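> After the structure tokens below, expect a handful of questions from me.
The values are calculated or read from the model by the stated rules, or taken from the named source; none is laboratory data. Predicted model, so just to flag it, every value in this text is computed and none were measured. Methodologically, a virtual Cβ is constructed for each residue, glycine included, from the backbone with ideal geometry; neighbour enumeration extends over all protein chains shown.
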Amino acid sequence: MLDSLQTTKRANYWLIGITLPLVALGVMFEQWYAFLIPPALFVVWLTLYRLDWAMWFVVLATPLSVTLEDLTGGSGLSVPTEPLLVLITFITLVKMFFFAEYDKRILRHPISIAIYFYLAWMGLTSITSELPLVSLKQWVSRIWFIVPYYFVLAHLFLKNDRNKEIFLWLFLVPLVAATIYTLFVHSQYGFTKKTSTWVMFPLFKEHTSYGAVLAMFYPAALFLAFRKSSWGINAVAILLLVILTIAIVLSYTRAAWLSLVGSGLVYMVYVLKLSRSQVWSLTFLVLLIAGLNFSYITSKFERNRTDSSDNLNEHVASVTNVSTDASNLERINRWNSALRMFNDRPLLGHGPGTYMFLYAPYQKPSEKT
């Protein structure tokens, strides 16, 4: 599907022949946006003839992409990645449906089948949505994320096993560049928790998405740092790991910290080579102990009055504060609102992407923060 096509001199001549007159007309009429035509046409050419290169560029640009708000009727647009994702999706679907260029191993994989059901159900609930236009946009945008990031990358990984490592490096290096920018801005405000929520803008909207990406690729950095390779490659990977560690700590994102603890426990299952029955037995034992001590655990949480703060110990302790911590209380408020919304429309729901617009009436005054 992604094999590069043999370009011809004639195609290159056509590209130059179209570009130069358009740029000349733009200069003549002082329409300086005409200078965007050459890179735009180059991107189209790249996607048509080297879809693999276009996908690698998207991976490289993702951590450094900037979200432009309110360009598409209330939703943001990440540039330069999203326009290119749309183009990659279109060309990939054309190749799959009209030229039968696909890998059956990917299309018939259980995860792929689950994705088909997911998109079909999402499309159905977009029709029955309370805000159909919002849901339709959510559905379409989900397609142009899934096709490149799942189907195209899966093809690249199957085509050459080395592409998996290329993917990690292409994402991690610009991600670390984004964290260096964030740390520099954060340093201007003394690395305080209050400013940690926005210092990554415009590369990330706020600290939760920033922390999530850091936590997601932290295990990848660990893998690259401690695998067998040349000392130079390992040194670079260790440097990236150190920067990511600092960034995760100073993101003040408790969910990211907890997710890393959880992923560490999962990793221990593989290291200890526990069988499925052993994993289920341990899970049952943990749940049993938690159930027998439920009252004690609940009262412990309720007595916790440690709020999130710049002090890292207090910030960690505040994770279980469900009495006074504003962040935790707001999270509980929104979960309860979501449950009430589910009870209101349990089968088809209110529609994809509509929660933020519709949850307000489902709040209780006593639960608001």
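> Return yes when residue 79 is assigned by TED's automatic domain parsing to the domain that holds residue 96 and modelled with pLDDT of 90 or more and no when it is not.
No; evaluated as a whole, the condition is false for this residue.
So that you can scan it fast, the table gives a plain yes or no per residue for (1) assigned to a helix (DSSP H, G or I); (2) surrounded by fewer than 14 Cβ atoms within 10 Å (Cβ to Cβ); (3) aliphatic (A, V, I, L, M):
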| position | (1), (2), (3) |
| --- | --- |
| 118 | yes, yes, no |
| 135 | yes, no, no |
| 138 | yes, no, no |
| 141 | yes, no, no |
| 158 | yes, yes, yes |
| 165 | yes, no, no |
| 174 | yes, no, no |
| 178 | yes, no, yes |
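> Considering only residues of the stretch 331-369 that are charged (D, E, K, R) and within 23 Å of the chain's Cα centre (by Cα), which is modelled with the highest pLDDT?
Only one residue fits best here, namely 334.
> Of all residues in the stretch 339-352, how many are of a type in the set (A, V, I, L, M, F, W, C), in a helix (DSSP H, G or I) and loosely packed, with under 13 Cβ neighbours inside 10 Å?
Total meeting the criteria: 1.
> So residue 149 fits all but one of (1) modelled with pLDDT of 95 or more; (2) surrounded by fewer than 18 Cβ atoms within 10 Å (Cβ to Cβ); (3) more than 19 Å from the chain's Cα centre (by Cα); what number is the exception?
(3)
> Out of 255, 290, 247, I need the residue that is at pLDDT 85 or above and more than 28 Å from residue 176 (Cα to Cα). Which one?
Just one listed residue meets the conditions, 290.
> Considering (1) assigned to a helix (DSSP H, G or I); (2) over 30 Å from residue 252 (Cα atoms), say which one residue 129 fails and leave the rest.
Condition not satisfied by residue 129: (1).
> Sort out which residues of the stretch 216-260 are β-branched (Val, Ile, Thr) and part of a helix (DSSP H, G or I), and write them in order of number.
Across the stretch 216-260, the qualifying residues are 233, 236, 238, 242, 243, 245, 246, 248, 249.
> Would you be able to tell me the number of residues in the stretch 199-228 that are among the aromatic types (Phe, Trp, Tyr), without any contact (Cβ under 8 Å) to a residue 40 or more places away in the chain and surrounded by 15 or more Cβ atoms within 10 Å (Cβ to Cβ)?
Residues meeting the conditions: 2.
> Name every residue in the stretch 92-105 that is within 22 Å of residue 49 (Cα to Cα), in a helix (DSSP H, G or I) and touching a residue at least 24 places away in the same chain (Cβ under 8 Å), in order of residue number.
The answer is 92, 93, 95, 96.
> Show the residue pairs meeting these rules: Cβ distance below 7 Å; 6+ apart or different chains; first residue within the stretch 46-59 and closer than 16 Å to residue 168 by Cβ; second residue surrounded by 17 or more Cβ atoms within 10 Å (Cβ to Cβ) and polar (S, T, N, Q).
58/81
> For the structure I just gave you, tell me whether residue 252 is surrounded by fewer than 14 Cβ atoms within 10 Å (Cβ to Cβ), in the same structural domain as residue 207 (by TED's automatic domain parsing), touching a residue at least 12 places away in the same chain (Cβ under 8 Å) and not hydrophobic (A, V, I, L, M, F, W, C).
No, not satisfied.
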